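Worksheet: one structure, shown below.
The values are calculated or read from the model by the stated rules, or taken from the named source; none is laboratory data. Just so it is clear, the model here is predicted, and its values are computed rather than measured. Cβ coordinates were reconstructed from backbone atoms using ideal geometry, including for glycine residues, and neighbour counts include every protein chain displayed. Areas reflect the complete protein model, heavy atoms only, side chains present, ligands, DNA and RNA absent. Shrake-Rupley method; radii C 1.70, N 1.55, O 1.52, S 1.80 Å.
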Amino acid sequence: LFERMSRTRATSVVVRDGKLLIMHRFNNGEKYWVLPGGGVEEGEELEKAVLRELQEETSIEAELMEKLLEFTDSRGDKHSLFLCEYVSGEAQLHKDSEEANSRDENQSYNPEWIEVSKIPDLTIYPVEEKEFLIQYLK
């Protein structure tokens, strides 16, 4: 039986002018949203990973403020959410990112600023992050 290694993920919560920076994903026919972030590399600090992932996925420069939430999901992955303050940049995939260079038509990733009031209506994964955001961004 194949044992999946659990992963450690660092994601960012960036709010600016009443809007949340979020990745709109399309994957094999399913549309959903995820916070910018990703896997922490071997020996990398969470705080460094969250800013690196934010830059890679959205081209946004931000300043780390505080850790908001830490949880382990049903698959055993550890998640850390960090509040980040917008510094500069336009929300777009970084030209060198894996996502921007994907040739798969069945997948897309687009950073978007979404009105905070729309969060409850979106399909956001993991669900623990969506539930947290609804409470936190009230």
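Here are the numbers for this structure:
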{"quantity": "Failed condition for residue 129, given (1) in a helix (DSSP H, G or I); (2) touching a Lys or Arg at 6+ places or on another chain (Cβ under 7 Å)", "calculated": "(2)"}
{"quantity": "In segment 69-94, residue nearest to residue 135 (Cα to Cα) [restricted to those that are open to solvent by 70 Å² or more (accessible area, probe 1.4 Å) and not in a strand (DSSP E or B)]", "calculated": "74"}
{"quantity": "Search result, residues across segment 47-68 that are open to solvent by 40 Å² or more (accessible area, probe 1.4 Å) and not in a helix (DSSP H, G or I)", "calculated": "61, 63, 64, 65, 66, 67"}
{"quantity": "Residue that is of a type in the set (Asp, Glu), under 19 Å from residue 127 (Cα atoms) and in contact with a Lys or Arg (Cβ under 8 Å, 6 or more places away or on another chain), where the choices are 77, 73", "calculated": "77"}
{"quantity": "Residues located in segment 1-46, provided they are open to solvent by 80 Å² or more (accessible area, probe 1.4 Å) and either closer than 21 Å to residue 71 by Cα or assigned to a helix (DSSP H, G or I) (or both)", "calculated": "3, 4, 5, 7, 41, 42, 43, 45"}
{"quantity": "Lone unmet requirement of (1) farther than 19 Å from residue 9 by Cα; (2) modelled with pLDDT of 95 or more; (3) touching a Lys or Arg at 6+ places or on another chain (Cβ under 8 Å) for residue 108", "calculated": "(2)"}
